[in-house]
1. If a residue has to be modelled with pLDDT of 80 or more, surrounded by 13 or more Cβ atoms within 10 Å (Cβ to Cβ) and closer than 16 Å to Val77 by Cβ to count, how many in the stretch 100-110 make the cut?
2. Just to be sure I understand, how many residues within the stretch 33-81 are within 20 Å of Arg111 (Cα to Cα) and not aliphatic (A, V, I, L, M)?
Amino acid sequence: MKILVLEDEPDLLDLYEQSLSLAGHEVLRARHGLEGIALLDQRPELILVDLMMPVMDGYQFIRHLRRSPQKDTPAIVLSAVATGAWSKHVGANGYIPKPFDYDALIATIDRFRAA
């Protein structure tokens, strides 16, 4: 599965890429929402979005995503500050709290792969 990951912390971005690659996924990396928008033309099948990022935050990115041709692409919020209810309110399809648990991350991704 091709997964776009938006995360401004370089160490976390590396960790997500390594974890997802080991699970057999192709990873597209973005450090903020504007970089994420530029990668939408590569048609990711799932997007993991941190909310608190510079330049364009995750809220703004999700709002843009839902108005774009890729509006049906599932987006999962990765956050230490948001909740599942708030994530759905801003247009996300799911929520994973930080720090993330590897097994929970892969299980959530697998649910979307099966859908």
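1. Count: 3.
2. 10
The values are calculated or read from the model by the stated rules, or taken from the named source; none is laboratory data. Only a predicted model underlies this, so the values are computations on that prediction, with no experimental measurement involved. Don't worry about glycine lacking a Cβ; one is built from the backbone with ideal geometry, like all the others, and counts go over all protein chains shown.
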